[in-house]
Amino acid sequence: MSTLAEYVRSNGGRFENELFEFLRIPSISTLPDHRADMLRAAEFVSGKLAAAGLENVEVIENAAGRPLVYGDWLHARGKPTVLFYGHYDVQPVDPLELWESPPFEPTVRNGSVYARGAADDKGQFYAHVKAVEALRAMHGELPVNVKFLIEGEEEVGGEAIEAYLAANGEKLQADVALVSDTAMYAPGIPTICTALRGMVYMEWQARGAARDLHSGLYGGVAPNPLFGLIEVLAQCKDAEGRVLIPGFYDDVEAPSAKEKASWAGLPFDEAAYLRDEVGSTALTGEPGFSVFERIGARPTFEVHGLPGGFTGPGAKTVIPATAAAKVSTRLVPHQDPVKILAGIEAFVSARAPQGVAIEIREIHSAPASLADPDHPAIAKAAQALGGVWGRETVYVRSGGSIPIVGEFQKRLGIPTILMGFGLPDDGLHSPNEKFSLENFHKGILATARFLELLQA
Ligand code: BES
Ligand code: MN
Ligand code: MN
């Protein structure tokens, strides 16, 4: 242990510089202009996997131009196999003017590196790569077998990896998956995330008249598809936050008493959370459920945007011919995305106002995931984290989604350990995203320690 810690300490500056080089690549998966950057990022990853001593390293291209990267090291005979997963794609940077330093010029302030993708997820999974490098450098071999599968489209739903997983179940077989793409409960509190929400993301496309119309000449007779969407959306949820789509809650299970008790034991100041994290005048949501339950154990229904009609400066008197709504629901364990989507489709088609046709296009969906905190590998991960941070690991659920985690369970039949090194205020998907460099170094040590513990 002490030698490995020494290696990480003496190479820490180089590790950071490599991460900064990675962070300079603007690998924004949703923007088609960044296709070349996606390939560059994938090549960066494959190069570092090879340098860490992994074998069979490949960049697996796909039509969308967002390659997967694979590498393995399978010489620990009779020992377990860990499937490492991470994503090199990042979110767009807008609004750019709110960044204190440019998003793709990593800048260190107060012990954190600020850059898009620093915590989500480049910095986090790069800690895994450096853990493998350190173990190989120290011992010439690894304590367990490892496979790395890194994707470039997590932020856009992960189509390629899902297909790859479906077609390569044998090749990807492992005992457990390890993912660092979540956050610690609070600074200094080592955390394992036991559940992620799933989701169904849709675009609702509405059509009214054959063309845009003058709202004076036709107002009063022409159907307005933008308003039609609003009318239907308003019926989907009541004022207290209950979703009104029939069957929506059918498969939702309450968290166990043990889980609820462990949440109740976590330090939580609701007033500070409202003020500092949410920054609104009130918290919303279903009555009778705590904040933890509303985020971790209850599904949601949200509208993200209403593209359509006139949105420029000033006024334009128009009844738009078409409009759309970006809508998603976050699902909890046991809810089936297919069933939920069907329920929404039936509800919307029954409620669309006269003269407005609404068609639902599914953009992506994924089931929720739930891990058993008593699984022996999770217990070892908790032990590794606890040893590095010097305090007992806590278990929480997260409201976010990592689409492939549910697939690892479904296709490979393996649990995923969500060992996040992020912090609640890292600003994922927001301006000034950051990642704690202390957590980067501790993450390397915790990952290496976990592999050592898993060997026994
Ligand atoms: N890493 C996040 C998810 C996350 C963050 C989980 C913090 C738990 C704690 C991931 O990259 C993400 O943003 N996922 C998307 C999924 C999607 C676009 C399919 C999400 O949750 O919106
Ligand atoms: Mn992520
Ligand atoms: Mn993300």
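The values are calculated or read from the model by the stated rules, or taken from the named source; none is laboratory data. Quick caveat, the model's predicted, so the values are computed rather than measured. As a convention, Cβ positions derive from the backbone with ideal geometry for all residues, glycine included, and neighbour counts pool all protein chains shown. Side chains are part of the model used for accessible areas, which takes the heavy atoms of the whole protein and leaves out ligands, DNA and RNA. Shrake-Rupley method; radii C 1.70, N 1.55, O 1.52, S 1.80 Å.
The figures follow:
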| item | result |
| --- | --- |
| Residue-normalised accessible area of the chain, expressed per residue, 1.4 Å probe, Å² | 43 |
| 0 to 90° range, to nearest 10: angle between helix 35-51 axis and the chain longest Cα axis | 20 |
| Label-point separation in nm, E55 to A234, each point 7 Å along Cα→Cβ | 6.5 |
| The range 291-411 - convex hull of the alpha-carbon atoms, volume per residue in Å³ | 181 |
| Surface share of carbon and sulfur [accessible, 1.4 angstrom probe, percent] for the chain | 52 |
| Cα→Cβ-extended label distance, 7 Å offset, between A379 and R242, nm | 4.2 |
| Added length on full extension, which subtracts the Cα-Cα distance from 0.36 nm per residue, A271 to K339 | 20.8 nm |
| Surrounding net charge for Y249, when Lys and Arg each add one and Asp and Glu each subtract one, Cβ distance under 11 Å | -2 |
| Relative contact order (percent, whole number), the range 108-229, Cα cutoff 8 Å, 6+ residue spacing | 18 |
| Estimated translational D of the chain in µm²/s (Stokes, Kirkwood radius over Cα pairs; 25 °C; 0.890 mPa s) | 105 |
| Cα-based Rg / Dmax (Å) for the range 72-201 | 17.0, 54 |
| In nm, spacing of pseudo-spin labels at L283 and A315 (7 Å Cα→C-beta vector) | 4.2 |
| Net charge contributed by nearby residues that have their C-beta within less than 12 Å of A371 (K/R +1, D/E -1) | -2 |
